[in-house]
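The values are calculated or read from the model by the stated rules, or taken from the named source; none is laboratory data. All figures in this text were calculated on a predicted structure; none of them were measured in a lab. Every residue, glycine as well, gets a Cβ built from its backbone with ideal geometry; the counts of neighbours run over all protein chains shown. All accessible areas refer to the heavy atoms of the entire protein, side chains included, with ligands and DNA or RNA removed. Shrake-Rupley method; radii C 1.70, N 1.55, O 1.52, S 1.80 Å.
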Amino acid sequence: MHALIEELTAAGPVVTDGAWGTQLQARGLEVGGSPDAWNLAYPDRVEEVARAYVEAGSQVILTNTFQASRFALARHGLAEKAAEINRTGAEISRRAAAGRARVFGSIGPSGVVLMMGETTPEELQDTFRQQARALAEGGADAIVIETMSDPEEAGLAVAAVKETGLPVVGCMTFDSGEDLDRTSFGTTPEQAAEQLTEAGADCIGSNCGQGIEGFAAICRRLAAATDRPIWVKANAGSPRVVDGRTAWDETPDHFASYAPALVEAGASFLGGCCGTTPEFIQAIRERLST
Ligand SMILES: [Zn+2]
């Protein structure tokens with residue numbers, strides 16, 4: 001196991017952070033706007049979100065770089081800013097953490113599909129390589145590959161991060177199939193765990209896709225298929241659209257009531273994905289410390 005992952009998990013479950021997009025929207029980001037571009041335009045507001053998670057008790061915070069690959073930024077005409085946006089994102093989270101939390105750089109899906117011939121494995125890996133290097137330059141302690149549906153894309157991202165020498169967490173999203181235990185590419189938790197372990201991920205996980213009720217089963221299946229620690233970040237239930245904005249009905253206390261069961265199912269890192277807030281993180285911290 002990578003020394004940093006070992007050090008973090010030695011004292012018990014590690015609390016990570018919650019959603020960033022909704023927090024940035026609450027600070028003025030328009031729906032459809034590029035959250036990542038705010039690292040350059042409004043670094044103070046991004047730092048405020050990061051600091052809110054540290055103050056809520058996150059021991060690990062991510063970076064505002066989920067959609068900051070060259071491909072994803074191209075949709076906003078910002079492809080040439082990719083390195084700067086990622087480096088700055090890591091610097092912002094480090095400032096907010098101020099030594100109180102570790103910073104794990106976030107890398108999300110590229111938005112282009114290998115299977116459709118929209119890119120090549122070489123080009124895709126190079127895109128992730130650029131993002132990972134910039135996050136490392138900005139001071140990230142580790143990198144999380146998250147919300148992945150295609151195991152091949154996730155594997156290329158893991159391989160690209162490994163070149164930096166930083167620990168890497170590989171996370172897939174299970175949001176498909178009758179039991180919500182497949183990625184949209186049909187990948188099962190067992191297949192994901194095996195492929196990501198083989199690609200060299202230091203930690204294997206699942207984020208997004210469904211509410212926390214379904215995560216213990218996924219967690220148990222991931223844990224049974226790998227010897228790596230498990231990372232989980234569930235959504236705050238299922239979203240509803242109210243007046244054109246997304247609303248989440250889940251409460252912090254109900255969400256956090258699942259934390260002990262997730263630890264029992266093998267989770268070493270716990271946080272929240274879409275719709276979760278600093279209040280959710282605080283509730284998890286409280287639940288796990290009693
Ligand atoms: Zn999510």
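Considering D175, D181, which residue is within 14 Å of the ligand (Cβ to nearest atom), among the charged types (D, E, K, R) and more than 22 Å from A10 (Cβ to Cβ)? Working first, answer last.
Values: D181 fails: within 14 Å of the ligand (Cβ to nearest atom).
Sole residue among the options that is within 14 Å of the ligand (Cβ to nearest atom), among the charged types (D, E, K, R) and more than 22 Å from A10 (Cβ to Cβ): D175.
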Note to self: Among (1) open to solvent by 10 Å² or more (accessible area, probe 1.4 Å); (2) touching a residue at least 60 places away in the same chain (Cβ under 8 Å); (3) under 14 Å from P278 (Cβ atoms), there is one condition S58 misses while meeting the rest; what is its number?
What the structure shows: (1)
Notebook entry, point to check: Can you tell me how many residues in region 237-290 are more than 22 Å from G170 (Cβ to Cβ) and outside any helix (DSSP H, G or I)?
Noted result: 20
Item checked: In region 238-256, the residues that are at pLDDT 95 or above and either farther than 23 Å from A267 by Cβ or among the aromatic types (F, W, Y) (or both) -> F255
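Given the residues G77, G111, which is the only one that is touching a Phe, Trp or Tyr at 6+ places or on another chain (Cβ under 6 Å), within 26 Å of A160 (Cβ to Cβ) and not aliphatic (A, V, I, L, M)? Please lay out each step first, then the result.
Values: G77 fails: touching a Phe, Trp or Tyr at 6+ places or on another chain (Cβ under 6 Å).
The conditions single out G111.
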Check: Among all residue pairs at least 6 apart or on different chains, which show Cβ distances below 7 Å where the first residue, located in region 265-278, is at pLDDT 95 or above and away from the ligand (no atom under 15 Å from the Cβ) and the second is part of a loop (DSSP other than H, G, I, E, B) and open to solvent by less than 10 Å² (accessible area, probe 1.4 Å)?
Finding: F269/T16; P278/G18
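Can you tell me which residue among R87, R95, R102, R75 is open to solvent by 10 Å² or more (accessible area, probe 1.4 Å) and in contact with a strand residue (DSSP E or B) (Cβ under 6 Å, 6 or more places away or on another chain)?
R102
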Next item on the list: Can you run down the residue pairs with Cβ atoms below 7 Å, 6 or more apart or on separate chains, where the first is in region 216-242 and closer than 14 Å to I204 by Cα and the partner is within 13 Å of the ligand (Cβ to nearest atom) and assigned to a helix (DSSP H, G or I)?
Entry: V232/F215
Check: Identify, please: which residue in region 191-236 is in a loop (DSSP other than H, G, I, E, B) and away from the ligand (no atom under 13 Å from the Cβ) and is, among those, surrounded by the fewest Cβ atoms within 10 Å (Cβ to Cβ)?
Finding: D227
Next item on the list: Being over 17 Å from L124 (Cβ atoms) and either touching a helix residue (DSSP H, G or I) at 6+ places or on another chain (Cβ under 6 Å) or β-branched (V, I, T) (or both) is the filter here, so list the residues in region 96-109 that pass it.
Entry: A96, A97, R100, A101, V103, G105
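With the requirement that a residue be among the hydroxyl-bearing types (S, T, Y) and touching a residue at least 40 places away in the same chain (Cβ under 8 Å), what does region 108-158 give you? Please lay out each step first, then the result.
Here is the first cut: in region 108-158, the residues among the hydroxyl-bearing types (S, T, Y) are 110, 119-120, 127, 147, 149.
Of everything in region 108-158, those that are among the hydroxyl-bearing types (S, T, Y) and touching a residue at least 40 places away in the same chain (Cβ under 8 Å) turn out to be S110, T119, T127, T147, S149.
What is the residue count in region 43-55 for residues that are open to solvent by 20 Å² or more (accessible area, probe 1.4 Å) and either at pLDDT below 95 or not acidic (D, E) (or both)?
Looking only at that region, the number is 4.
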Margin query: So, in region 10-42, how many residues would count as being outside any loop (DSSP other than H, G, I, E, B), at pLDDT 95 or above and in contact with a Gly (Cβ under 8 Å, 6 or more places away or on another chain)?
Written below: 2
Notebook entry, point to check: Would you say F215 is closer than 19 Å to F280 by Cβ, more than 17 Å from the chain's Cα centre (by Cα), among the aromatic types (F, W, Y) and modelled with pLDDT of 95 or more?
Noted result: no
Checklist line | Single match in V169, V144 (criterion: under 19 Å from G105 (Cα atoms) and either within 14 Å of the ligand (Cβ to nearest atom) or in a loop (DSSP other than H, G, I, E, B) (or both)) | finding: V144
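Would you say A142 is among the hydrophobic types (A, V, I, L, M, F, W, C), more than 25 Å from T187 (Cβ to Cβ) and open to solvent by less than 10 Å² (accessible area, probe 1.4 Å)? Full working, then the answer.
On the way: among the hydrophobic types (A, V, I, L, M, F, W, C): yes; more than 25 Å from T187 (Cβ to Cβ): no; open to solvent by less than 10 Å² (accessible area, probe 1.4 Å): yes.
It is false that A142 is among the hydrophobic types (A, V, I, L, M, F, W, C), more than 25 Å from T187 (Cβ to Cβ) and open to solvent by less than 10 Å² (accessible area, probe 1.4 Å).
State all residues of region 177-190 that are open to solvent by 30 Å² or more (accessible area, probe 1.4 Å) and over 14 Å from A225 (Cβ atoms); if no residue qualifies, say none.
At the first step, the residues of region 177-190 found to be open to solvent by 30 Å² or more (accessible area, probe 1.4 Å) are 177-180, 182, 184-186, 190.
Listed by number, the residues that qualify are G177, E178, D179, L180, R182, S184, F185, G186.
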Next item on the list: Answer yes or no as to whether E7 is open to solvent by 60 Å² or more (accessible area, probe 1.4 Å) and either within 16 Å of the ligand (Cβ to nearest atom) or in a helix (DSSP H, G or I) (or both).
Entry: yes
